[in-house]
Amino acid sequence: MNPITPSRRSFLKTSAAIGASAFILPFATRAFPQGKGESFVSNFLRIDRDGGIVIVTPVAEVGQGTSTALPMILAEALDADWTKVRFELASVGKEYGNPTLGGIQLTGASTGVSAFHDPLQNAGAVARTMLILAAAKVWNVSPEACSTQNGRVLLGNTNKILTYGELASAAAEQPVPKVVAPVASSKNRFVGNPIPRLDIPGKVNGSATFAVDVRLPGMLYATVAACPTFGGKLLRDTRSEVLKQKGVRGVVDLPSAVAVVADRWWIARRSLDSLGAEWAPGQNDHVNDESISAQLWGDLKSKDGVVVKTAGTPDAALRTSQTVITAQYEVPFLAHATMEPMSCVARVDAASCDVWVGSQLPDKARAVAAELTGLPETSVKIHTLIAGGGFGRRQEADFVAQAVLVAKSFPGQPVKLIWSREEDIQHDFYRPAGVSELTAGVTGRDVLAFKHKQASQTILPRMYPAFMQSFDSVVTDAIFAFYDFPNQEARWVRSETHVPAGMWRSVGASQTVFAIESFIDEIAAKTGEDPYQFRRDRLRANAKALKVLDRLAEISGYKNHAGGSRAIGLGISHKNLDCLVAQAAEVSLEGGRVVVHKIWTVADPGQIINPDTARAQLEGAAIWGLSAALYGKISIGQGRVQESNFDTYQVVRLADTPTFVTELLLSGGPFEGIGEGGAPNVAPAVCNALFRLTGKRIRRLPIAEQFA
């Protein structure tokens, strides 16, 4: 079967041809341990006879740019000709497990580069050595007489040159070196430079294929409607009439949902609208925003929860403080609203199952397909595609399960399942709602005690139960302020709702940092200090943070800002696995509407691969955080989501997008993630600016509701 649309098809045809005549590196490199043995495998590279290089990236491409950054690492170590480099997304395999996330083949937590830098660098260095060995054998010289340059092996000062393509077959026969030193960074041609992204041309000219674009011979199309109240059941519908419609091929019952299958998607969608599905009242029909908020606050007040982290004796320090300051903050559920709604293609027969999907967790997609079909996982093939946004949503396999179940009803025929935008907004796995109470004990200018208590529902027990501790480290990310407070405590209370919760870009830090960085400004206001100087005085032991904060103040003109109709607010945070980020926002009010004119970002991720991609990640995260801060809210009424599309779930549009100034300070050391850290500080920075401008303190998001 030739499964893919023209551009992608051509790409895979080329790749297949390469595979037949390629130097497919046979070596194993250390990626992560498998059981007790010393079997460590990795296969990230193919070189064809024409010198074309396919670098296989184990990280899903959801718009973050790792399909360029990871090949840059390998190509650097290989000393490759970049014009010959292409990328290919890995299918499912243990060799592609994320070593920083327990070996799960998971794209998340901003770990793409940090997790795979060393394996890819080693793969490139080993391949380069084997190519040199092959050339030395051809020329009958010692390997030390050879060098490489831009995809070629050169012999000393002679004119003898062999291209990597010419050496591919011979190189595959060479012994695999055990240890190869990486290329010195001073000689970098790719790493650290703004290399244009490999995935962009196809996305611009339309040739890139997402799951929603896949075309297969004989393919059917399906769309789905789930019970509006989570977990409810279908009572009745008019399927007998719908099945009479031209082009409709079937109606398939799914858990808490129903799908219509047709020859065309729009026929399926139109028929679904006329299906007249009626759903059984559920036990959660009475739940709404008010009841959820009351539950969260009630649990926060009545339950002790668990200590996430503590230092010193905060309770004792609080009792002896001259002044006690307390403030409460609240944030709502949030959806992902990926550019490409949930889409998946599946084909099932008695012996095999094929799934075409853009997934951040392809091994879970394979496991789900195997379970639903009764096939062994080895009979399930995941065709990994680029995805139109992830943000954690594509760690879920609910839409994959639906596609596979529908495809089971049409054996041998591929079925493409596409959710409508409305379905996507109303049946997401949402960033949990949450509440926080912060308390500070202050004597003079000294913050003697700092306490942060948060209540929210969990994510880890459902998604990754093995990682659950006494607390959920995802929803409590960055809950412990990183200031030099001598006595501090962070505590978390578990408070479950019926609303499904899942990973969301920056997850818990989007709540905890909003509360902490807003509260820092509140303390500064109470003690009569400037918010920037207040932060600086409490970060003196953190040279890295001081450097970032000082640079932010410098480039934003914070100290000399004219004020008037505009104001600047600040925020700084260092969340788990992501880089240290400080941000400033300049805001004004125009006709009662909040306008964010400019966002400055200074980040220190230690090292970077591609500065353009790194800045884009930070700015994209800032827009993400700004959308959530200004407008983001999923409302619950009668147990169901009230928003349904971008007219009711607003995001920042082009006209609302501020100007960005983004700087990277590279202090060296280990790679830190860049994908999420640009989001959490935006809300407190904007709220802090609004306080300076209006005197009004925003403690509940979204901001736009407070100025309506």
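The values are calculated or read from the model by the stated rules, or taken from the named source; none is laboratory data. Computed from a predicted structure; not experimentally measured. Cβ sites come from the backbone with ideal geometry, for glycine too, and all protein chains shown count toward neighbours. Ligands, DNA and RNA are excluded from the accessible area calculation, which covers all protein heavy atoms including side chains. Shrake-Rupley method; radii C 1.70, N 1.55, O 1.52, S 1.80 Å.
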Check your understanding: Do you know which residues across the range 553-584 are more than 30 Å from Val308 (Cα to Cα) and hydrophobic (A, V, I, L, M, F, W, C)?
Key -> Ala553, Ile555, Ala562, Ala567, Ile568
Exercise for review: Of the numbered conditions (1) assigned to a loop (DSSP other than H, G, I, E, B); (2) crowded, with 23+ Cβ neighbours inside 10 Å; (3) among the aliphatic types (A, V, I, L, M), Val435 fails exactly one; give the number of that condition.
Suggested key: (1)
**Study point:** Tally, over the range 562-591, of residues that are under 26 Å from the mean Cα position of the chain (by Cα) and not hydrophobic (A, V, I, L, M, F, W, C)
**Key:** 7
Revision key, fill the gap. Of (1) outside any helix (DSSP H, G or I); (2) among the hydrophobic types (A, V, I, L, M, F, W, C); (3) under 25 Å from the mean Cα position of the chain (by Cα), Val594 fails just (3)
Point to revise | Selected residue (criterion: nearest to Pro362 (Cα to Cα)) from residues of the range 61-92 that are in contact with a strand residue (DSSP E or B) (Cβ under 7 Å, 6 or more places away or on another chain) and among the small types (Gly, Ala, Ser) | key: Ser91
Check your understanding: Checking Val62 against (1) within 24 Å of Arg505 (Cβ to Cβ); (2) touching an Asp or Glu at 6+ places or on another chain (Cβ under 7 Å); (3) assigned to a loop (DSSP other than H, G, I, E, B), which single condition isn't satisfied?
Key -> (2)
Point to revise | Number of the exception - Ala136 against (1) touching a residue at least 24 places away in the same chain (Cβ under 8 Å); (2) part of a helix (DSSP H, G or I); (3) buried (at least 18 other Cβ atoms within 10 Å of the Cβ) | key: (1)
Revision key, fill the gap. Flagged in the range 482-514 as without any contact (Cβ under 8 Å) to a residue 40 or more places away in the chain and closer than 24 Å to Glu619 by Cα, in numbering order, are none
Practice item. Could you tell me whether the range 244-265 includes any residue that is surrounded by fewer than 21 Cβ atoms within 10 Å (Cβ to Cβ), part of a loop (DSSP other than H, G, I, E, B) and within 29 Å of the chain's Cα centre (by Cα)? Key: yes
Check your understanding: On the given criteria, is Gly93 under 35 Å from the mean Cα position of the chain (by Cα) and either surrounded by fewer than 22 Cβ atoms within 10 Å (Cβ to Cβ) or in contact (Cβ under 8 Å) with a residue 24 or more places away in the chain (or both)?
Key -> yes
Review point. Hey, does the range 655-664 have a residue that's modelled with pLDDT under 95 and under 16 Å from Gly620 (Cα atoms)?
Key: yes
**Study point:** Filter result (open to solvent by less than 20 Å² (accessible area, probe 1.4 Å) and over 22 Å from Thr476 (Cα atoms)) within the range 539-575
**Key:** Val548, Leu549, Leu552, Ala553, Ser556, Tyr558, Ala567, Ile568, Gly569
Check your understanding: Among the residues of the range 98-119, is there at least one that is farther than 30 Å from Ala509 by Cα, in contact (Cβ under 8 Å) with a residue 12 or more places away in the chain, surrounded by fewer than 22 Cβ atoms within 10 Å (Cβ to Cβ) and not β-branched (Val, Ile, Thr)?
Key -> no
Practice item. Within the range 673-694, identify whether any single residue is part of a loop (DSSP other than H, G, I, E, B) and more than 28 Å from Phe534 (Cβ to Cβ), and answer yes or no. Key: yes
Practice item. Return the total of residues in the range 348-388 being in a loop (DSSP other than H, G, I, E, B), farther than 20 Å from His336 by Cα and either in contact with a helix residue (DSSP H, G or I) (Cβ under 7 Å, 6 or more places away or on another chain) or open to solvent by 50 Å² or more (accessible area, probe 1.4 Å) (or both). Key: 6
Exercise for review: Consider Gly412 carefully, then state whether it is open to solvent by 10 Å² or more (accessible area, probe 1.4 Å) and within 30 Å of Thr320 (Cα to Cα).
Suggested key: no
Review point. Would a scan of the range 631-640 turn up a residue that is in contact with a Lys or Arg (Cβ under 6 Å, 6 or more places away or on another chain), open to solvent by less than 10 Å² (accessible area, probe 1.4 Å), modelled with pLDDT of 95 or more and not in a loop (DSSP other than H, G, I, E, B)?
Key: no
Review point. Pick from the range 400-422 the residues that are among the hydrophobic types (A, V, I, L, M, F, W, C) and in contact with a Pro (Cβ under 9 Å, 6 or more places away or on another chain): which of them is nearest to Ser644 (Cα to Cα)?
Key: Trp419
Point to revise | From the options Gly202, Gly231, residue that is open to solvent by less than 20 Å² (accessible area, probe 1.4 Å) and not polar (S, T, N, Q) | key: Gly202
Review point. Within the range 516-553, restricting attention to residues that are within 15 Å of Phe485 (Cβ to Cβ), in a helix (DSSP H, G or I) and small (Gly, Ala, Ser), which residue is farthest from the chain's Cα centre (by Cα)?
Key: Ala524
**Study point:** Subset of the range 162-198 (residues that are open to solvent by 30 Å² or more (accessible area, probe 1.4 Å), modelled with pLDDT of 90 or more and touching a Phe, Trp or Tyr at 6+ places or on another chain (Cβ under 7 Å))
**Key:** Leu198
**Study point:** Filtered residues of the range 256-273 (kept if closer than 19 Å to Gln426 by Cα and without any contact (Cβ under 8 Å) to a residue 40 or more places away in the chain)
**Key:** Ser256, Val258, Val260, Arg270, Asp273
Review point. Can you find even one residue in the range 517-532 that is within 23 Å of Gly669 (Cβ to Cβ), open to solvent by 10 Å² or more (accessible area, probe 1.4 Å) and of a type in the set (Gly, Ala, Ser)?
Key: no
Practice item. Please work out if Ile572 is under 18 Å from Gly675 (Cα atoms) and part of a strand (DSSP E or B). Key: yes
Exercise for review: Answer yes or no: is there a residue in the range 394-403 that is among the polar types (S, T, N, Q) and not in a strand (DSSP E or B).
Suggested key: yes
Practice item. Find the residue count for the range 471-492, including only residues that are open to solvent by 20 Å² or more (accessible area, probe 1.4 Å), assigned to a loop (DSSP other than H, G, I, E, B) and farther than 25 Å from Arg540 by Cβ. Key: 3
Revision key, fill the gap. Of the residues in the range 266-279, those that are in a helix (DSSP H, G or I), under 19 Å from Leu405 (Cβ atoms) and open to solvent by less than 40 Å² (accessible area, probe 1.4 Å) come to Ala268, Ser271, Leu272
Exercise for review: Hey, could you check the range 439-470 for residues that are closer than 15 Å to Gln328 by Cα and either surrounded by 24 or more Cβ atoms within 10 Å (Cβ to Cβ) or among the basic types (Lys, Arg) (or both) and say which is nearest to the chain's Cα centre (by Cα)?
Suggested key: Ser456
Check your understanding: On the given criteria, is Glu705 part of a helix (DSSP H, G or I) and in contact (Cβ under 8 Å) with a residue 60 or more places away in the chain?
Key -> yes
